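Shown next, in structure tokens, is the structure this report addresses.
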Amino acid sequence: MEAHRERPKTELDELKRIAVMEACYQHFDPAAYLQYNYTPPRADFERSDSIVPWKLNCLHRAFTDDDLRGDVLVDVGSGPTLYQVMSGCERFERVVLSDFLEINRRELQNWLHEGKSSLDWTDYFTYVCELEGRSSSAWAEKAARLRSVVSDVLPIDVHQSCPLSPGSLPQCGADCLVSSFCLESVSPDLPSFTRALGHISSLLKKGGHLLLIGALGESFYMGAPGLCIPVVPLDEVQVCASLKASGYELLQLCIYHLPPDMKVGVDDVTGVFFAKAKKA
Ligand SMILES: C[S@@+](CC[C@H](N)C(=O)[O-])C[C@H]1O[C@@H](n2cnc3c(N)ncnc32)[C@H](O)[C@@H]1O
């Protein structure tokens, strides 16, 4: 008979801490989260120092600078948001969205299949069209393009060594991964963040690109009224070290520092990083 492997105490502690994070997420409210983070002042398209336009510019440049293209783009931990795939959807034949929570996957499905959403994404599509040198009225075409290339909205758990169910992706893996504000918001500590980064890397083919966006110096964010979700407070040195430890070559790192009026009481974030890296 096979002997049971005793799990070391530290591993059990880690599992318990991940379970506590999971329990927090059971009360996540997509509409409140969108309201907190994806409306002005954080999404003010008249201001170049607003967070959302900054992120959209980084994503646009990341795809256009080296003409990134391919078959499959996977967004890890999509949440209820679409902005992170608005540039990439023009360059990949298939886009896979994913989230741990059914309520977030349903929010995305509602937009994809019924055009219903807790947030009107029109200004976002319009802004990205302008970045691409298209007329702002092309937003509806872009929305149609995104709907046509999203093939799946899958359950994912970045704490599993195989985060997606087997067979979800081509055997060689995705050509590109995007992940925004997921890993640090679901990991109890830095080792767990780095492990989760390793897990999602298994979804990416060798030589593929990772576009990782995340919070700096953040210890919590509001996932619903009265719900503070703990976050690993990261600095840019730790982000670079985790990428290196997970087998990535860092190609670009951009940092955004929050202006005082973007601190709106829904988290204690001090900055945002945007990393573009290549799987060695
Ligand atoms: C801070 S939100 C980020 C959402 C979105 N990507 C964005 O840019 O705003 C974190 C997301 O991670 C998801 N999540 C929670 N636990 C997870 C896990 N174990 N694996 C993958 N995603 C998880 C949550 O459901 C939530 O949608």
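The values are calculated or read from the model by the stated rules, or taken from the named source; none is laboratory data. Note that the structure is a prediction, hence the values are computed from the model and not measured. Cβ: placed from backbone, ideal geometry, glycine included. Neighbour counts: every protein chain shown. The area values use the complete protein model at the heavy-atom level, side chains included, leaving out ligands, DNA and RNA. Shrake-Rupley method; radii C 1.70, N 1.55, O 1.52, S 1.80 Å.
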Under the Karplus relation 6.51 cos²θ - 1.76 cosθ + 1.60, θ = phi - 60°, what is the ordered set of whole-Hz ³J(HN,Hα) values for segment 213-225, x standing for Gly and Pro? 10, x, 8, 10, x, 9, 10, 7, 9, 8, x, 5, x
Please list the non-local residues whose amide H lies under 5 Å from the amide H of L234, H modeled 1.01 Å from N, same-chain partners needing a gap of 5 or more. G217, E218
Spacing of the two label points (7 Å from each Cα toward its C-beta) at D120 and E46, in nm: 1.6 nm
Grab the Cα-Cα distance for S165 and V264, subtract it from 0.36 nm times how many residues apart they are, and report the gain in nm with one decimal. 31.9 nm
Could you give me the radius of gyration and the Dmax of the chain, taking only the C-alpha atoms into account and expressing both in angstrom? 18.1, 68
Given H placed 1.01 Å from N in the peptide plane, which residues other than close sequence neighbours of F181 have an amide H under 5 Å from its amide H? I213, G214, A215
Extension gain, S202 back to I255 (0.36 nm per residue minus Cα-Cα distance, nm): 16.5 nm
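With the convex hull built on the Cα atoms of segment 160-280, state its orientation-averaged projected area in nm².
Taking the Cα atoms of segment 160-280, their convex hull projects to 7.7 nm² on average.
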Tilt relative to the chain, helix 236-245 - C-alpha long axis, 0 to 90 degrees, to 10: 60 degrees
Just to confirm a number: summing +1 for Lys and Arg and -1 for Asp and Glu over residues other than A241 whose beta-carbon lies under 15 angstrom from that of A241, what do you get? -3
Using a 7 Å offset from the Cα along the Cα-to-Cβ direction at both S151 and S219, what is the distance between the two label points in nm, to one decimal? 4.4 nm
Would you work out what percent of the accessible area of the chain, with all protein chains in place, is carbon or sulfur (probe 1.4 Å)? 52 percent
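Taking 0.36 nm per residue of separation and subtracting the Cα-Cα distance, what length does fully extending L15 through S135 add? Don't skip to the answer; put the middle values down first.
On the way: separation 120, 0.36 × 120 = 43.20 nm, distance 4.97 nm.
Fully extending the segment from L15 to S135 adds 38.2 nm.
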Rounded to the nearest 10 Å², what accessible area does T270 show when all protein chains are kept and the probe is 1.4 Å? 70 Å²
Loop-resident trypsin sites (Lys or Arg not before Pro) in segment 5-85 with no more than 14 other Cβ atoms inside 10 Å, DSSP not H/G/I/E/B, are R5, R69
How many percent of all Cα-Cα pairs in segment 1-51 sit more than 12 Å apart? 75 percent
For segment 36-52, Karplus-derived ³J(HN,Hα) couplings (6.51, -1.76, 1.60; θ = phi - 60°; whole Hz; x for glycine and proline) come out as 5, 10, 10, 10, x, x, 6, 10, 10, 6, 7, 10, 6, 9, 7, 4, 4
Quick one: accessible area per residue over the chain, 1.4 Å probe, rounded to a whole number of Å²? 45 Å²
Averaging over every viewing direction, what projected area does the convex hull of the Cα atoms of segment 22-162 cover, in nm²? 8.9 nm²
How many Lys pairs in segment 10-279 lie less than 30 angstrom apart by Cα atoms, where the lysines are 8 or more positions apart or on different chains? 29
Förster radius 25 Å - calculated FRET efficiency between E22 and E236, Cβ distance, rounded to 0.05: 0.35
